[in-house]
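Remarks on the structure that follows.
The values are calculated or read from the model by the stated rules, or taken from the named source; none is laboratory data. Since we're looking at a predicted model, the values are computed, not measured. Methodologically, a virtual Cβ is constructed for each residue, glycine included, from the backbone with ideal geometry; neighbour enumeration extends over all protein chains shown. Note: areas computed on protein heavy atoms with side chains; ligands, DNA, RNA excluded. Shrake-Rupley method; radii C 1.70, N 1.55, O 1.52, S 1.80 Å.
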Amino acid sequence: QVQLVESGGGLVQAGESLRLSCAASGSVFGINTMGWYRQAPGEQRELVATINSLGSTNYADSVKGRFTISRDNAKNTVYLQMNSLKPEDTAVYYCKFQRLVPNQRAYWGQGTQVTVSS
């Protein structure tokens with residue numbers, strides 16, 4: 001029903017930047033939310049940032065001031081600009097899409113690895 005294609009992960013040094021992209025296709029009409037979650041080895045998946053189709057955003061406290069989420073509704077694409085990366089940001093980053101009106105289940109991308117070396 002909904003397909004998510006992620007890109008932009010990679011290996012960087014502390015203090016550098018990366019930009020993640022996630023394009024959604026399929027049944028992407030209506031009011032929806034898209035966002036990024038991450039999961040480090042041995043840890044639970046946690047919210048990084050979300051943005052709905054009206055532009056409302058939410059950020060985890062750990063990334064406020066460093067990460068910026070944005071979206072292009074015409075392209076159904078969400079971006080995550082990650083600046084001042086830290087080793088603690090190392091994780092697999094997953095894109096999520098969920099239509100809110102009309103309501104439906106959440107869809108997840110395959111994940112993209114972000115590794116920050118010290």
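Here are some notes:
- Gyration tensor verdict on region 67-106 (Cα atoms; rounded if a/c is under 1.5, prolate if a/b is larger than b/c, oblate otherwise): oblate
- Relative contact order of the chain, defined on C-alpha pairs under 8 angstrom at six or more residues apart (%): 35
- ³J(HN,Hα), Karplus 6.51/-1.76/1.60, whole Hz, each residue of region 53-69, x for Gly, Pro: 6, 9, x, 6, 10, 9, 10, 5, 4, 5, 10, 4, x, 10, 10, 9, 9
- P(r) for region 45-118, from all Cα pairs and a bin width of 10 Å, is 17, 51, 27, 5, 0 %, short bins first.
- Amide H within-cut-off set for LEU85, under 5 Å, with H built and near neighbours excluded: GLY15, GLU16
- Highest to lowest packing among 54-63, 89-98, 109-118, scored as the average C-beta count within 10 Å: 89-98, 109-118, 54-63
- Under Karplus coefficients 6.51, -1.76 and 1.60, residue-wise ³J(HN,Hα) of region 87-99 in Hz, glycine/proline x: x, 5, 7, 4, 4, 8, 9, 10, 8, 10, 10, 8, 6
- Solvent-accessible surface of the chain, averaged per residue with a 1.4 angstrom probe and all protein chains in place: 51 square angstrom.
- Atom-type composition of the exposed protein surface of region 49-118 places 46 percent of the accessible area on carbon and sulfur (1.4 angstrom probe).
- Shown is the FRET efficiency for ALA60 and PHE29, computed with R0 = 25 Å from the Cβ-Cβ distance and rounded to the nearest 0.05: 0.30.
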